[in-house]
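The values are calculated or read from the model by the stated rules, or taken from the named source; none is laboratory data. Note that the structure is predicted; figures quoted are calculated from it, not measured. Cβ coordinates were reconstructed from backbone atoms using ideal geometry, including for glycine residues, and neighbour counts include every protein chain displayed. All accessible areas refer to the heavy atoms of the entire protein, side chains included, with ligands and DNA or RNA removed. Shrake-Rupley method; radii C 1.70, N 1.55, O 1.52, S 1.80 Å.
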Amino acid sequence: MLEAKPKVAILATGGTIAGSIDSSVATTGYTAGVLGVDALIKAVPQIQDLAVISGDQIANIDSKDMTNEIWLKLAKEVNRLLKSDVDGVVITHGTDTMEETAYFLNLTVKSDKPVVLVGAMRPSTAISADGPKNLYNAVALAANPQAKNKGVMVAMNDRIQSARGVAKTHSLNVNAFSSPDMGDMGYIVDGKAFFYNTNTKSHTKKSPFDVSKLKELPKVDILYSYANDGSGVAAKALFENGTKGIVVAGTGAGSIHDYQKDVLKELLKKGLNVAVSSRVVAGRVAVSDADAKLGFIDTGDMSPQKARVLLMLALTKTSDPKKIQEYFLKY
């Protein structure tokens, strides 16, 4: 008796994998989010050998234009699908904000079934298009029982990365994604997944964040620290415009220029939440005991863009910096 094929749902959001340009050699200057989900599926007929495939178009954008509204729609649809007989979900996505979407879903998906984000660094029209192979690998990973309970993953260039650890570390190369602090979770060879690392942070079913009834997320912004930093002015303007939290991309191990820090200290007293990250690609920040007492939140080894995701979700539960600090230690 033949074993039934797993069911994998592909949710398309656009990006380079669905990009097009009137040139077979151009890998820049294309328009992202042109092809629909049916065209993506049709372009890789071999995925039908791996699973019973269904497809749905959630959005069709360049991922630089990702919004909280699309995130909420995506999380709700993934949770709906994974409550059914679907065995795994693949999300096609632009690479610019892929790590942010992956981490958002890592905290809001309530299932141990595989969720895999995939994209491409070269458009579908390029002679060296990487999208088809990446999509094949992503479907194979989502259909693999060993991929359960691993949290949300990113499958790019034969590498398996955890949503928590992954970062885009090259602007154009096909080997654009890595996990500077945590390392790869594994590797894919012609659709066969090999795992040799796990994400030790809590995720998915062990996360307390429920977006099922949310229609919007708290406003959180990122400020960059630099020599002769003048972004204290920006911090004030953002706070006055309704920002509930600010993530600082500090220098070194999370240092903040006095010009900006003096303003942030005043805003902390008025109820702003401030999380300290770093503009450095790897390593942890080090928030002093004195700064922690003032309410500055230590984001550990989390990038500013991911810290923003967690701070937004944390603010749906509490505005207590001590409680939010616990979230940053755990997730």
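Report the residue count in the range 158-172 for those that are touching a strand residue (DSSP E or B) at 6+ places or on another chain (Cβ under 7 Å) and either more than 20 Å from Ala75 (Cβ to Cβ) or assigned to a loop (DSSP other than H, G, I, E, B) (or both).
Taking the range 158-172 and keeping what is touching a strand residue (DSSP E or B) at 6+ places or on another chain (Cβ under 7 Å), we get 158-163, 166-169.
Of the ones still in play, those that are also either more than 20 Å from Ala75 (Cβ to Cβ) or assigned to a loop (DSSP other than H, G, I, E, B) (or both) are 158-160, 163, 166-169.
Going through the range 158-172 one residue at a time, the tally reaches 8.
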Taking the range 302-331 and the residues there that are in a loop (DSSP other than H, G, I, E, B), open to solvent by 40 Å² or more (accessible area, probe 1.4 Å) and of a type outside the set (S, T, N, Q), the one that is farthest from Val247 (Cα to Cα) would be Lys317
I'm checking my understanding of the structure. Among residues of the range 141-150 that are open to solvent by 10 Å² or more (accessible area, probe 1.4 Å) and of a type outside the set (D, E, K, R), which one is nearest to Ser207 (Cα to Cα)?
Asn149
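Check whether at least one residue in the range 87-95 is of a type in the set (S, T, N, Q), farther than 16 Å from Thr316 by Cβ, under 12 Å from the mean Cα position of the chain (by Cα) and open to solvent by less than 20 Å² (accessible area, probe 1.4 Å), and report yes or no.
Just the residues of the range 87-95 that are of a type in the set (S, T, N, Q), to begin with: 92, 95.
Checking the rest, the ones that are also farther than 16 Å from Thr316 by Cβ come to 92, 95.
In the following step, the residues that additionally are under 12 Å from the mean Cα position of the chain (by Cα) were identified as 95.
Subset that is open to solvent by less than 20 Å² (accessible area, probe 1.4 Å): 95.
Scanning the range 87-95 turns up at least one residue that is of a type in the set (S, T, N, Q), farther than 16 Å from Thr316 by Cβ, under 12 Å from the mean Cα position of the chain (by Cα) and open to solvent by less than 20 Å² (accessible area, probe 1.4 Å).
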May I ask you to list pairs of residues, at least six apart or on different chains, whose Cβ atoms are under 8 Å apart, with the first in the range 272-283 being touching a residue at least 60 places away in the same chain (Cβ under 8 Å) and the second being charged (D, E, K, R) and open to solvent by 50 Å² or more (accessible area, probe 1.4 Å)?
Ala282/Asp181; Gly283/Asp181
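Which members of the range 1-28 meet the condition of being open to solvent by less than 70 Å² (accessible area, probe 1.4 Å), touching a Ser or Thr at 6+ places or on another chain (Cβ under 9 Å) and of a type outside the set (A, V, I, L, M)? First the steps, then the outcome.
As a first pass, look at the range 1-28 and keep what is open to solvent by less than 70 Å² (accessible area, probe 1.4 Å): 6, 8-21, 23-24, 26-27.
Next, from what is left, pick out any that are touching a Ser or Thr at 6+ places or on another chain (Cβ under 9 Å): 8-21, 23-24, 26-27.
Within the range 1-28, Thr13, Gly14, Gly15, Thr16, Gly19, Ser20, Ser23, Ser24, Thr27 meet the criteria.
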Would you point out which residue out of Ala39, Ala59 is under 13 Å from Thr92 (Cβ atoms), touching a helix residue (DSSP H, G or I) at 6+ places or on another chain (Cβ under 9 Å) and open to solvent by less than 30 Å² (accessible area, probe 1.4 Å)?
Ala59
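Residues of the range 226-235 being open to solvent by 20 Å² or more (accessible area, probe 1.4 Å) and part of a loop (DSSP other than H, G, I, E, B), which ones? Before you say what the answer is, go through the steps one by one.
Filtering the range 226-235 down to residues open to solvent by 20 Å² or more (accessible area, probe 1.4 Å) leaves 226-228, 230, 233-234.
Those that are open to solvent by 20 Å² or more (accessible area, probe 1.4 Å) and part of a loop (DSSP other than H, G, I, E, B): Tyr226, Ala227, Asn228, Gly230.
Quick check on the range 192-200. Is at least one of its residues buried (at least 18 other Cβ atoms within 10 Å of the Cβ), at negative phi and at pLDDT below 95? Break it down into steps so the answer makes sense when it comes.
Here is the first cut: in the range 192-200, the ones buried (at least 18 other Cβ atoms within 10 Å of the Cβ) are 193, 199.
Still in the list and also at negative phi: 193, 199.
Checking which are at pLDDT below 95 leaves us with 199.
Yes: one or more hits.
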Filter the range 270-301 down to the residues that are part of a helix (DSSP H, G or I) and either among the hydrophobic types (A, V, I, L, M, F, W, C) or in contact with a helix residue (DSSP H, G or I) (Cβ under 8 Å, 6 or more places away or on another chain) (or both) and list them by number.
Ala290, Ala292, Leu294
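Is there a residue in the range 285-301 that is farther than 17 Å from Gln325 by Cα and in contact (Cβ under 8 Å) with a residue 12 or more places away in the chain?
no
State yes or no: is Asn175 assigned to a loop (DSSP other than H, G, I, E, B), modelled with pLDDT under 95 and open to solvent by 20 Å² or more (accessible area, probe 1.4 Å)? Walk me through how you get there before you give the answer.
Numbers: assigned to a loop (DSSP other than H, G, I, E, B): yes; modelled with pLDDT under 95: no; open to solvent by 20 Å² or more (accessible area, probe 1.4 Å): yes.
No.
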For the range 36-49, enumerate the residues that are of a type outside the set (Gly, Ala, Ser) and under 22 Å from the mean Cα position of the chain (by Cα).
Val37, Leu40
Taking only the range 151-164 into account, find how many residues are charged (D, E, K, R) and surrounded by fewer than 24 Cβ atoms within 10 Å (Cβ to Cβ).
2
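Scan Ser111, Ser124, Ser128 and give me the residue that is open to solvent by 10 Å² or more (accessible area, probe 1.4 Å) and either part of a helix (DSSP H, G or I) or within 17 Å of Ala12 (Cβ to Cβ) (or both).
Matching residue, one of Ser111, Ser124, Ser128: Ser124.
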